[in-house]
1. Do any helices (runs of 4 or more DSSP H) lying entirely in the range 1-120 carry at least 1 residues that are at pLDDT 90 or above, within 19 Å of the chain's Cα centre (by Cα) and among the small types (G, A, S), and which ones are they?
2. Could you list, ordered by first residue, the pairs with Cβ atoms under 8 Å in which the first is in the range 105-125 and farther than 10 Å from V93 by Cα and the second is among the aromatic types (F, W, Y), at least 6 apart or interchain?
3. For the range 125-155, which positions are surrounded by fewer than 22 Cβ atoms within 10 Å (Cβ to Cβ), in contact with a helix residue (DSSP H, G or I) (Cβ under 8 Å, 6 or more places away or on another chain) and not in a loop (DSSP other than H, G, I, E, B)?
4. Being exposed (fewer than 14 other Cβ atoms within 10 Å of the Cβ) and either under 24 Å from S58 (Cβ atoms) or touching a Ser or Thr at 6+ places or on another chain (Cβ under 6 Å) (or both) narrows it down to one residue among E92, E110; which is it?
5. Suppose we filter the range 139-155 for residues that are more than 12 Å from the chain's Cα centre (by Cα) and either more than 14 Å from S67 (Cα to Cα) or not small (G, A, S) (or both); how many remain?
Amino acid sequence: MNKQRAKYPLAILTGLTLVGALAGCSTAAADEETATGTDSGTAESAAPDSSDAATAGSYTDGTYTESADYTSPGGTETVEVTVTLADGIITEVEAVGDGDNPNSKRYQGEFSDGIAAVVVGKSIDDISVDKVAGSSLTSAGFNDAIDAIKADAAS
């Protein structure tokens, strides 16, 4: 019976250690999501890091526009993305969808309303979005348009 009582403190200590370790991992993963602008159900933006400009590719400052297609349940949709760059940092962004389907229009509108808060102030090399303000499919077209803009702006 004494051996069984000795196991309880060890089990409790082990459980607390495991919970503490997992809590630390959880915080790091959440911080990484916020920093990269990925999977934010609501538009969140981290303050621009001064090291972003130093790590950015070599891009010519200016405003660039590209369109890209993506697939939705209603068929193929297109999003037109306009980005203003300064030293490889996105200073302005606009995303306009062409959806005919009411659901597509709604999600494209939500994406358009939330995208600036996610990418403005970040290096164009560091962004890749997968969900903005509840819209996850528009992100595929947005990311493809960003890739085309990077090619256009490469100096």
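1. Answer list for the range 1-120: 102-119.
2. Within 8 Å, the pairs are F111/F142; I124/Y59.
3. Hits for the range 125-155 are D125, D126, K150, A153.
4. E92
5. Residues that pass the stated criteria total 9.
The values are calculated or read from the model by the stated rules, or taken from the named source; none is laboratory data. Because the structure is predicted, anything quoted here is derived from the model rather than measured. Every residue, glycine as well, gets a Cβ built from its backbone with ideal geometry; the counts of neighbours run over all protein chains shown.
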